[in-house]
Amino acid sequence: MKNSNHTDFLTGFVGLMAYWFIGELLVNLLGVSLPGPVAGMLLLLGVSLLRQRVAPSVAQASHGLLAHLSLLFVPAGVGIMSQAALLAEHGFGMLATLVLSTAVTVAITGLTLKFLLARRKPEPRQP
Amino acid sequence: MNVLMENPALWLTLTVAVYLLAERIHVRQDRSALTHPLLLSVATLVPLLLLSHTSYARYMESARFIHLLLAPATVALAVPLFANIAHMRSMLRPLLIALLVGGTAGIVSALLLGKLFGLPHDVLISFSPKSVTTPIAMALSEKLGGNASLTAAAVIVTGILGAVGAEHLLRALGIKDEATQGFAIGLASHGIGTTRALHISHKAGAFSGLAMSLNGVFTSLCLPALLAIWPF
């Protein structure tokens, strides 16, 4: 039993890698500036929507990878150490940009959705 | 000593160990956005690297084994997105319009405000995908001529800002519906915001997760085209 679980994870992992590779392949063939892994994600989403299910092995591998997703950003995050000069010069402008842009994004999204939902007729409750 | 310092096991092990410790502290602090494990890990590892005179390039020689897993993890994001879409079919139309408007506002506001504050061009590109989940944002930034590390930092700061401030802002604007609150938080501040939205309610968390995934897709499709026609 334990063995088959391990095999499942590996099968799912290979599946994810294959979607990544096919994504890279398509992006290169079509010459679009979409990142390969994102193309792979869109492909997996499309296939899942068509089949109306996700293969259990792929779901298992995804769960495993996404459980500690933050760990995978650490190597890139540490790269901020190479940006000390930029941070010293533009630190305030960067922070101000992020604060204001985040506020604008939250406000516009919230107000748009509020407006759209208020216009909708109240739906009958599903039995 | 030098042989040990150059062994890839050293920084690989330290990275995972520091992360596990950071994750524990984060859980103990009731998952407060201010103790996000990525923030704590970077704040611990950078001083260690500086003290040991290790360059980022040398660190990456060993840490790239972790970095490499980002690609299959990005593909894996399709699984929660598929689950969320199936749950919210009946409301999909207003949600998609809000995605279109809000997602565009996220990109354009970062580009305009960054320009206003005099940020260099490559910083603007690195900041433009700041509202979407880190793996997608980093991949986009790299592909479009930005700096992936700068993008990772911008994404994390955006997430923390959304987690700490978005709920107050939405209340001040008179938005009390939990689904709307969750959707706005997740669209603007991805996974870190979603963790916060789950504290509001399960419903807010689900809509936040959906918005995060949808904006990841929307931004990856729209950002390359938008930057190509961006006049500044």
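The values are calculated or read from the model by the stated rules, or taken from the named source; none is laboratory data. What you see is a predicted model, and the numbers here were worked out from it, not measured in a lab. Every residue, glycine among them, receives a Cβ derived from its backbone with ideal geometry; neighbour counts consider all protein chains shown.
Might you check whether a residue that is of a type in the set (Val, Ile, Thr) and facing another protein chain (nearest Cβ under 10 Å) occurs anywhere in the range B:76-96?
Within the range B:76-96, the subset of a type in the set (Val, Ile, Thr) is B:79, B:85.
If we keep only those that are facing another protein chain (nearest Cβ under 10 Å) as well, we get B:79, B:85.
Within the range B:76-96, one or more residues are of a type in the set (Val, Ile, Thr) and facing another protein chain (nearest Cβ under 10 Å).
For the range B:205-216, check the following and say yes or no: at least one residue is of a type outside the set (Gly, Ala, Ser), more than 7 Å from chain A (Cβ to nearest Cβ), outside any helix (DSSP H, G or I) and buried (at least 20 other Cβ atoms within 10 Å of the Cβ). Looking through the range B:205-216, none of the residues is of a type outside the set (Gly, Ala, Ser), more than 7 Å from chain A (Cβ to nearest Cβ), outside any helix (DSSP H, G or I) and buried (at least 20 other Cβ atoms within 10 Å of the Cβ). For the residues B:Val101, B:Val79, the requirement of being surrounded by fewer than 21 Cβ atoms within 10 Å (Cβ to Cβ), out of contact with any Leu (no Cβ under 6 Å at 6 or more places or on another chain) and aliphatic (A, V, I, L, M) singles out B:Val101.
Would you be able to tell me the number of residues in the range B:21-42 that are surrounded by 14 or more Cβ atoms within 10 Å (Cβ to Cβ) and assigned to a helix (DSSP H, G or I)? Steps first, answer last, please.
Step one: filter the range B:21-42 for residues surrounded by 14 or more Cβ atoms within 10 Å (Cβ to Cβ), giving B:21-23, B:26, B:31-33, B:35-42.
Next cut, assigned to a helix (DSSP H, G or I) only: B:21-23, B:26, B:33, B:35, B:37-42.
Residues meeting the conditions: 12.
Residue-by-condition table, conditions (1) among the β-branched types (Val, Ile, Thr); (2) more than 18 Å from A:Leu72 (Cβ to Cβ); (3) under 22 Å from the mean Cα position of the chain (by Cα):
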{"site": "B:Pro8", "(1), (2), (3)": "no, no, no"}
{"site": "B:Thr15", "(1), (2), (3)": "yes, no, yes"}
{"site": "B:Val18", "(1), (2), (3)": "yes, no, yes"}
{"site": "B:Leu38", "(1), (2), (3)": "no, no, yes"}
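Checking B:Ser109, B:Ser128, B:Ser62 one by one, the residue that is among the hydroxyl-bearing types (Ser, Thr, Tyr), more than 28 Å from A:Leu43 (Cα to Cα) and more than 8 Å from every other protein chain (Cβ to nearest Cβ) is B:Ser62 and no other.
How many residues, within the range B:61-98, are of a type outside the set (A, V, I, L, M, F, W, C) and under 29 Å from A:Phe13 (Cβ atoms)? If you could, list the steps in order and put the result at the bottom.
So in the range B:61-98, the residues of a type outside the set (A, V, I, L, M, F, W, C) come out as B:61-62, B:64, B:67, B:72, B:74, B:80, B:84, B:87, B:89-90, B:93-94.
Subsequent filtering for residues that are under 29 Å from A:Phe13 (Cβ atoms) retains B:61-62, B:64, B:67, B:72, B:74, B:80, B:84, B:87.
Of the residues in the range B:61-98, 9 are of a type outside the set (A, V, I, L, M, F, W, C) and under 29 Å from A:Phe13 (Cβ atoms).
Suppose the filter is under 20 Å from B:Val155 (Cα atoms) and either free of Cβ contacts under 8 Å to residues at least 40 places away in the same chain or under 17 Å from the mean Cα position of the chain (by Cα) (or both); does B:Val75 pass it? Yes; evaluated as a whole, the condition is true for this residue. Checking B:Pro129, B:Pro135 one by one, the residue that is modelled with pLDDT of 95 or more and surrounded by 22 or more Cβ atoms within 10 Å (Cβ to Cβ) is B:Pro129 and no other.
Within the range B:79-87, one or more residues are in a helix (DSSP H, G or I) and within 28 Å of B:Thr15 (Cα to Cα).
Somewhere in the range B:65-75, is a residue more than 7 Å from chain A (Cβ to nearest Cβ) and assigned to a helix (DSSP H, G or I)?
Yes, the range B:65-75 has at least one match.
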